[in-house]
Amino acid sequence: MGRISVAAGFCFAAAVLCQAVAAQSASPTASTPIIPVVGVQTGIDVKTGQRPGRQNINNLYARGGPQWDLYVLALSELQAVNETDALSYFAIAGIHGLPHSAWNGVEQVSGAPKNTGYCPHNLLLQELLFSTWHRAYVALFEQTLVSHALRIASQYPSSSSPAYQAAAQTLRQPYWDWASQPRLPTAAILANITVNGPSGVVTLRNPLYSYRFQQQSAESGFGGPLAELQETVRCLEIQGLGHNITASDEQMDSVAKDLINDVYDVFTRTQTFEDMAFDRWQGSSFENPHNIVHNHAGCGGTIGNIDWSAFDPIFMLHHCNVDRLTAMWQAIHYNHPMFTTTGRSTGQYATPKGALITADSPLKPFYDKNLRFHTSNTVSNTRELGYTYPEINDWSATPEEMAIYVRAQVNMLYGSDTTRVTARADSVVSQSHHQGKDNRPATLLRPQSRYYTAVVQVNRSEIPLPSTINLVISGFIVGRMSMLSMPSEGLASVSLPLRDVVVGNESLHNMDHVTAISFLQQNMTIDIHMNNGATVSVETAPSLQLEVQDMNYVAQLNNTGFPSFGNATRWPVRVRPSMRS
């Protein structure tokens, strides 16, 4: 199968003309073509605005057919593009972290950290751009992937060409909904995969299983133990010979409760984009469950190291889901603007440390269709980038109708067991959407008067990264704060819902709140573990703080509503190591 040319393939999928211009500071020279991020603009109904949806990877795989075939073939071809090409799999993955080099002509700026890529990460106020930067990033990958699928579709014989060309027009990057289906997707754990190609049935090395570097990564300027491997790995076998899928699934099973609890807490308790996108001490954000997936799906492998993570093929499945959760939150809070808060950057490859960050700050190195840097405002609506999600059909519903529908979907997928039963009574949902839930403890969030969260804060420089801080009661983990390998300094903070704490035969939420607070203060302990399983002493982190938030709680009235919460009272908890440490 031949390779698509960079310029022709990209422009075909994006339906724009790549141009060479002299742009703004830290931009390409006049002789260098700029690669704009415009999303995929094929398959869109120009009259109604209906656009193709990104699909659940498990559903796409189970259904099979032309779109699945094209997705696998396009991803395989993309991974085969020469690594020196700006639109190769290697080059696009390298935007996120290693090899810490310029992409799209956007050079490192003075005052930027030396050993970092372009991506912004941090669980505290400084980094406002986490969700919007990654939205542009996934859109770049998606438009490149579809450019390959469009060309491949044109090669099928006349008998099947119409079906494959129609499938290519509406193909979008799929997502992995790890909050409702925590185990690695089946499609990502098969070493080989069989699809129908233009010349007939063909068995390929599965491009979702791993990315195989075309040259030793150490020769590309990479370092560390992962550089000794020829391909990406998850839960590396002791002998260093490949994936340990059993270990990865066990890790994801162990955090399933945290993922679904954290996601539902963000949907129901945050009211501003700032609180949803990043934690501000009293709130919760999608970044923490995102971090948990990075640290546990790979358990010492590629995706657990932020410098390397984008090379693992499940990275885009993972971040597509983070974008989906963000888009669903935006549909519910349709009257809320993009964030209005300002912050200071922790510093990335093209952003100096301490730079003022607003919703109009450039999302480097991504240019828009006007050849200006994208900003959080320019990517605020998925409509402009040519895609949607199964839960969002905003072309056929009013904003309020859309908000009602999405709330029902959130309750059904991520709410308590009783909430999901109520929501399912009014919705017909594929059983496959709920696989993976039966292996986690039941979560009962019955009507009650109090709601509790634990707030953890620490200076990242005191913790060996990447690591996870576990909240432990009676030997059981009741919440997790996961920190990635970057940034290496600055405060990290997260608020963790305590939805599954049981005292004897009674739920914490049904106890007298004075008794409940006393119980938490006396029994909540902490342990810290690195991704490789090593234990870190709590005493090495003197900045570590722990508090409990106690607030009034009123359960939702129906499947289309959310619980309501009162103002929080904060109670200090002495930091003590758990017996597990």
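Restricting attention to the stretch 305-321, which residues are assigned to a helix (DSSP H, G or I), among the aromatic types (Phe, Trp, Tyr) and over 20 Å from Asp249 (Cβ atoms)?
If the condition is that a residue be assigned to a helix (DSSP H, G or I), among the aromatic types (Phe, Trp, Tyr) and over 20 Å from Asp249 (Cβ atoms), then Phe311 is the only one that fits.
With among the aromatic types (Phe, Trp, Tyr) and in a loop (DSSP other than H, G, I, E, B) as the only criterion, which of Tyr61, Tyr118, Tyr71 stands out?
Details: Tyr61 fails: in a loop (DSSP other than H, G, I, E, B); Tyr71 fails: in a loop (DSSP other than H, G, I, E, B).
Matching residue, one of Tyr61, Tyr118, Tyr71: Tyr118.
Could you identify the single residue in Leu317, Leu363 that is farther than 17 Å from Val38 by Cβ, modelled with pLDDT of 95 or more and open to solvent by less than 10 Å² (accessible area, probe 1.4 Å)? Steps first, answer last, please.
On the way: Leu363 fails: farther than 17 Å from Val38 by Cβ.
Matching residue, one of Leu317, Leu363: Leu317.
Residues of the stretch 338-382 being within 27 Å of Leu491 (Cα to Cα) and of a type in the set (D, E, K, R), which ones?
The answer is Arg344, Lys353, Asp360, Lys364.
Quick one: how many residues across the stretch 81-109 are within 20 Å of Pro313 (Cβ to Cβ) and not β-branched (Val, Ile, Thr)?
So the first thing to find is which residues in the stretch 81-109 are within 20 Å of Pro313 (Cβ to Cβ), and the list is 81-83, 85-99, 103.
Of the ones still in play, those that are also not β-branched (Val, Ile, Thr) are 82-83, 85-91, 93-94, 96-99, 103.
Here the count works out to 16.
Restricting to the stretch 457-474, give me the number of residues that are hydroxyl-bearing (Ser, Thr, Tyr), in contact with a helix residue (DSSP H, G or I) (Cβ under 8 Å, 6 or more places away or on another chain) and more than 21 Å from His290 (Cβ to Cβ).
Selection size over the stretch 457-474: 1.
Does Gly347 meet the test of being among the small types (Gly, Ala, Ser), out of contact with any Cys (no Cβ under 7 Å at 6 or more places or on another chain), surrounded by 22 or more Cβ atoms within 10 Å (Cβ to Cβ) and modelled with pLDDT under 95?
Details: among the small types (Gly, Ala, Ser): yes; out of contact with any Cys (no Cβ under 7 Å at 6 or more places or on another chain): yes; surrounded by 22 or more Cβ atoms within 10 Å (Cβ to Cβ): yes; modelled with pLDDT under 95: yes.
Answer is yes for this residue.
Condition first: touching an Asp or Glu at 6+ places or on another chain (Cβ under 9 Å) and part of a loop (DSSP other than H, G, I, E, B). Now tell me which residues in the stretch 342-367 satisfy that.
Matches in the stretch 342-367: Ser345, Thr346, Tyr349, Ala350.
Please count how many residues of the stretch 176-213 are of a type in the set (Lys, Arg) and under 20 Å from the mean Cα position of the chain (by Cα). Break it down stepwise before answering.
Step one: of the stretch 176-213, the residues of a type in the set (Lys, Arg) are 183, 205, 212.
Then drop every residue that is not under 20 Å from the mean Cα position of the chain (by Cα), which leaves 183.
Count: 1.
Of the residues that make up the stretch 55-66, is at least one open to solvent by less than 10 Å² (accessible area, probe 1.4 Å), in contact with a Lys or Arg (Cβ under 7 Å, 6 or more places away or on another chain) and closer than 26 Å to Asn393 by Cα? Lay out the reasoning, then the answer.
The first filter runs over the stretch 55-66 and keeps only residues open to solvent by less than 10 Å² (accessible area, probe 1.4 Å), leaving 56-57, 60.
Checking the rest, the ones that are also in contact with a Lys or Arg (Cβ under 7 Å, 6 or more places away or on another chain) come to none.
For the stretch 55-66, residues open to solvent by less than 10 Å² (accessible area, probe 1.4 Å), in contact with a Lys or Arg (Cβ under 7 Å, 6 or more places away or on another chain) and closer than 26 Å to Asn393 by Cα: absent.
If you take just the strands (runs of 3 or more DSSP E) that sit entirely in the stretch 485-581, which of them hold at least 1 residues that are at pLDDT 90 or above and among the charged types (D, E, K, R)? Before the answer, list the steps.
Values: elements: 491-497, 525-530, 545-554, 569-573.
Per the criteria, 525-530, 545-554, 569-573.
State whether one or more residues within the stretch 389-397 are open to solvent by 70 Å² or more (accessible area, probe 1.4 Å) and either closer than 18 Å to Met338 by Cβ or assigned to a helix (DSSP H, G or I) (or both).
Looking for residues that are open to solvent by 70 Å² or more (accessible area, probe 1.4 Å) and either closer than 18 Å to Met338 by Cβ or assigned to a helix (DSSP H, G or I) (or both), one finds none in the stretch 389-397, hence no.
For the stretch 464-483, enumerate the residues that are part of a loop (DSSP other than H, G, I, E, B) and closer than 29 Å to Val502 by Cβ.
Initially, the stretch 464-483 is screened for residues part of a loop (DSSP other than H, G, I, E, B), giving 464-466, 474-475.
Correct list: Ser474, Gly475.
Name the residues in the stretch 236-253 that are at pLDDT 85 or above and surrounded by 15 or more Cβ atoms within 10 Å (Cβ to Cβ), would you? Don't jump to the end; show me each part of the working.
So the first thing to find is which residues in the stretch 236-253 are at pLDDT 85 or above, and the list is 246-253.
Of everything in the stretch 236-253, those that are at pLDDT 85 or above and surrounded by 15 or more Cβ atoms within 10 Å (Cβ to Cβ) turn out to be Ala247, Ser248, Asp249, Gln251, Met252, Asp253.
I need every pair where a residue in the stretch 315-329 that is within 13 Å of Trp133 (Cα to Cα) has its Cβ under 6 Å from the Cβ of a residue that is open to solvent by less than 10 Å² (accessible area, probe 1.4 Å) and of a type in the set (A, V, I, L, M), sequence separation at least 6 or different chains.
Partner pairs satisfying both residue conditions: His319/Val138; Cys320/Val138; Asp323/Val138.
State whether one or more residues within the stretch 218-233 are open to solvent by 50 Å² or more (accessible area, probe 1.4 Å) and part of a loop (DSSP other than H, G, I, E, B).
Yes, there is a match, as at least one residue in the stretch 218-233 is open to solvent by 50 Å² or more (accessible area, probe 1.4 Å) and part of a loop (DSSP other than H, G, I, E, B).
Every residue, every condition in (1) touching a Phe, Trp or Tyr at 6+ places or on another chain (Cβ under 9 Å); (2) β-branched (Val, Ile, Thr); (3) closer than 21 Å to His294 by Cα, yes or no:
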| site | (1), (2), (3) |
| --- | --- |
| Gln50 | yes, no, no |
| Asn82 | yes, no, no |
| Val106 | yes, yes, no |
| Tyr118 | yes, no, yes |
| Tyr137 | yes, no, yes |
| Gln143 | yes, no, no |
| Tyr156 | yes, no, no |
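Suppose we filter Asn552, Asn523 for residues that are over 20 Å from Arg574 (Cα atoms) and open to solvent by 10 Å² or more (accessible area, probe 1.4 Å); which single one remains? Walk me through how you get there before you give the answer.
Numbers: Asn523 fails: over 20 Å from Arg574 (Cα atoms).
That would be Asn552, the only listed residue that is over 20 Å from Arg574 (Cα atoms) and open to solvent by 10 Å² or more (accessible area, probe 1.4 Å).
List, please: which pairs have Cβ atoms under 7 Å, are six or more places apart or on different chains, and start with a residue in the stretch 253-274 that is of a type in the set (Gly, Ala, Ser) and end with one that is part of a loop (DSSP other than H, G, I, E, B) and open to solvent by less than 10 Å² (accessible area, probe 1.4 Å)?
Ala256/Pro182
Among the residues of the stretch 147-167, are any aliphatic (A, V, I, L, M) and within 18 Å of Pro36 (Cα to Cα)? Let's see the steps before the verdict.
Within the stretch 147-167, the first condition is being aliphatic (A, V, I, L, M), and the residues that meet it are 149-150, 152-153, 163, 166-167.
Keeping just the survivors that are within 18 Å of Pro36 (Cα to Cα) gives none.
Taking every residue of the stretch 147-167 in turn, none turns out to be aliphatic (A, V, I, L, M) and within 18 Å of Pro36 (Cα to Cα).
Could you count how many residues in the stretch 94-117 are closer than 15 Å to Ile35 by Cα and open to solvent by less than 10 Å² (accessible area, probe 1.4 Å)? Can you show your working first?
Taking the stretch 94-117 as the starting set, the residues that turn out to be closer than 15 Å to Ile35 by Cα are 95, 102-107.
Now narrow it down to the ones that are open to solvent by less than 10 Å² (accessible area, probe 1.4 Å): 95, 106.
Looking only at that region, the number is 2.
When both residues are 6+ apart or on different chains and their Cβ atoms are under 9 Å apart, which pairs have a first residue that lies in the stretch 142-157 and is on the phi < 0 side of the Ramachandran plot and surrounded by 24 or more Cβ atoms within 10 Å (Cβ to Cβ), and a second that is modelled with pLDDT under 95 and assigned to a loop (DSSP other than H, G, I, E, B)?
Hits for this filter: Ser147/Ile4; His148/Arg3; His148/Ile4.
Which one of these is out of contact with any Lys or Arg (no Cβ under 9 Å at 6 or more places or on another chain) and of a type outside the set (S, T, N, Q): Leu508, Leu546, Leu557? Outline the logic, then answer.
Numbers: Leu508 fails: out of contact with any Lys or Arg (no Cβ under 9 Å at 6 or more places or on another chain); Leu546 fails: out of contact with any Lys or Arg (no Cβ under 9 Å at 6 or more places or on another chain).
Of the residues listed, the single one that is out of contact with any Lys or Arg (no Cβ under 9 Å at 6 or more places or on another chain) and of a type outside the set (S, T, N, Q) is Leu557.
The values are calculated or read from the model by the stated rules, or taken from the named source; none is laboratory data. In this text the structure is predicted, and so the values were computed from the model without any measurement. Note that each Cβ is placed from the backbone with ideal geometry, even for glycine, and that neighbours are counted across all protein chains shown. Heads up: the accessible areas ignore ligands, DNA and RNA and are worked out on the full protein's heavy atoms, side chains in. Shrake-Rupley method; radii C 1.70, N 1.55, O 1.52, S 1.80 Å.
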